[in-house]
Amino acid sequence: MMPTTSSRRAVVTSTPEAAPAAPAAKRDRTHYLYIAVIAAVVLGIIVGFAAPDFAKELKPIGTGFVNLIKMMISPIIFCTIVLGVGSVRKAAKVGKVGGLALGYFICMSFVALAIGLVVGNIIHPGSGMHLTEAVKGVGHTQAQAAAEGPVDFLLGIIPTTFVSAFTEGQVLQTLLVALLVGFALQAMGRAGEPVLRGVEHIQKLVFRVLGMIMWAAPVGAFGAMAAVIGETGMDALKALATIMFGFYITCFLFIVIVLGTLVKLVAKVNLFHLLRYLGREFLLIVSTSSSESALPRLIAKMEHLGVSRPVVGITVPTGYSFNLDGTMIYLTMASLFIADAMDQPMGIGQQIGLLLFMMIASKGAAGVSGSGIAVLASGLQSHKPALVDGVGLIIGIDRFMSEARAVTNFAGNAVATLLIGTWTGEVDKARVDLVLAGGLPFDEKTLLDDGRDPVPAEVPEQGGEKELAKA
């Protein structure tokens, strides 16, 4: 007969005679790191306004930090998926997770497009703007740099060599290689177990390296924020405030109303508790304007939350290419902004046709710097070439809108992981409640549970039997 929760608690808090006292947990000092990030962002804003020319020269600092994070994405995705797929008994489970994820991503893309259309047609953000000759050539340049077509995108998922997916940093290529290796290890049975143990050790090493890189976050945040303020300036912010704040409000409503309702109804989780749990990741995204900078930490945190490794390993990397809610809203509102600004408003039929094209094109542009502008320009060039000249109007504040895009995309992928896990029965609900209540802190030092989750002296009531059993 299994002991009750109270009896388990008694075992954990028993006297030294009954069991050796557990060693005192080391104090988590990483909160100082994120206080430093906030201070660095504020300092970057000040420097950007006070010395814009100098601030522009700091851009490589922010770029360098983001590149350090991106360097770790491929090995982390590979290890996570190989361990997740290789350890499940039935390949059908992986197919079910992938199918549900893709279906959900497509549905949410349509929802995001619809919300952007409604808000854009209500506020008419481009009214009163005037197009100058200086910005006309920008759109055509961006259109030439746009993502390739669907066929090239699909062929691009296949890496040139087995290891080129890691050297070129392509998320979907890494996903394909990891799935193949995971299925191969699954078919090998016991013979593949030593390889799985080796991959597990590599994963620990990779996350430890990531933890070391994170200490450079304040420097990277300072350089990135100072550069964007120096390049943009206050004049552009004032002139384009309508679309910028309209876009921010739309993203906020999408996260709170749409994602909040879904995660509450399906997973029975309070959205604000989930967002608080991922607070450090959101700070990292805002300071670097890149959702990829938080991808490795999202994988680690969703596993710690209680979602199974196969679900996390498949949903998160795939979502970073296919679940781009913020980008969908951006493409919608930016298109309407440009049409209004150039006094060439589009009818509803034209709007829907254009945005459906952009939804498909955006899937091949995931992870590419400035991809939002490139997809916007290529979509306008394909459906209404006269509007391409207006892309230059929005380029000045694209960096600020990029932050909202990244935050919305990240929130959408976190919620999607929890929803897919719930639908497939791959979520430990008791653990989710325990973690979100603060009863099982995330290990910021190793970014891994390592099977030795600390058990607090007083476990919250919503804590689960499974967590106590680990003690």
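The values are calculated or read from the model by the stated rules, or taken from the named source; none is laboratory data. These numbers were taken from a predicted model, which means no experiment stands behind them. Using ideal geometry, Cβ is built from the backbone for each residue, glycine included, and neighbour counts are taken over all protein chains shown. SASA here: full protein model, heavy atoms, side chains in, ligands and nucleic acids out. Shrake-Rupley method; radii C 1.70, N 1.55, O 1.52, S 1.80 Å.
Criterion first (under 14 Å from L418 (Cβ atoms), open to solvent by 30 Å² or more (accessible area, probe 1.4 Å) and under 17 Å from the mean Cα position of the chain (by Cα)) does L283 satisfy it?
No.
Go over the candidates I338, I299, I314 one by one and state the one that is within 29 Å of L117 (Cβ to Cβ) and β-branched (V, I, T).
Just one listed residue meets the conditions, I338.
If R197 meets every condition in (1) without any contact (Cβ under 8 Å) to a residue 60 or more places away in the chain; (2) of a type in the set (D, E, K, R); (3) over 30 Å from S74 (Cβ atoms) apart from one, which number is that one?
Here R197 meets the rest and fails (3).
Looking only at helices (runs of 4 or more DSSP H) that lie completely in region 343-405, which have at least 2 residues being at pLDDT 70 or above and farther than 30 Å from G230 by Cα?
Qualifying helices (runs of 4 or more DSSP H): 348-363, 371-383.
Going by the conditions given, is A114 modelled with pLDDT under 80 and either among the acidic types (D, E) or at negative phi (or both)?
The answer is no for A114.
For region 50-59, how many residues meet the condition of being more than 22 Å from A217 (Cβ to Cβ) and either open to solvent by 60 Å² or more (accessible area, probe 1.4 Å) or within 24 Å of the chain's Cα centre (by Cα) (or both)?
2
Which one of these does V263 not meet: (1) in a helix (DSSP H, G or I); (2) open to solvent by 10 Å² or more (accessible area, probe 1.4 Å); (3) farther than 30 Å from L196 by Cα?
(2)
Residue pairs, Cβ under 6 Å, 6 or more apart or interchain, first in region 241-256 and within 14 Å of V118 (Cβ to Cβ), second modelled with pLDDT of 90 or more and open to solvent by less than 20 Å² (accessible area, probe 1.4 Å). List them.
Partner pairs satisfying both residue conditions: C251/T408.
Taking the stated definitions as given, is L295 farther than 17 Å from T408 by Cα and out of contact with any Leu (no Cβ under 9 Å at 6 or more places or on another chain)?
no
Report yes if some residue within region 329-343 is under 24 Å from R276 (Cβ atoms) and surrounded by 24 or more Cβ atoms within 10 Å (Cβ to Cβ); otherwise report no.
Checked against the condition, which is being under 24 Å from R276 (Cβ atoms) and surrounded by 24 or more Cβ atoms within 10 Å (Cβ to Cβ), region 329-343 yields at least one hit.
Looking at region 420-434, which of its residues are surrounded by fewer than 24 Cβ atoms within 10 Å (Cβ to Cβ) and under 16 Å from V94 (Cα atoms)?
Hits for region 420-434 are T422, W423, T424, G425, E426, V427.
In region 49-69, which residue that is outside any helix (DSSP H, G or I) and aliphatic (A, V, I, L, M) is nearest to A224 (Cα to Cα)?
L58
Could you identify the single residue in I46, I38 that is touching a helix residue (DSSP H, G or I) at 6+ places or on another chain (Cβ under 8 Å), outside any loop (DSSP other than H, G, I, E, B) and either open to solvent by less than 80 Å² (accessible area, probe 1.4 Å) or modelled with pLDDT of 80 or more (or both)?
Criteria check complete, one pass: I38.
Taking only region 318-328 into account, find how many residues are surrounded by 24 or more Cβ atoms within 10 Å (Cβ to Cβ) and farther than 17 Å from Y248 by Cα.
Number satisfying all stated conditions: 2.
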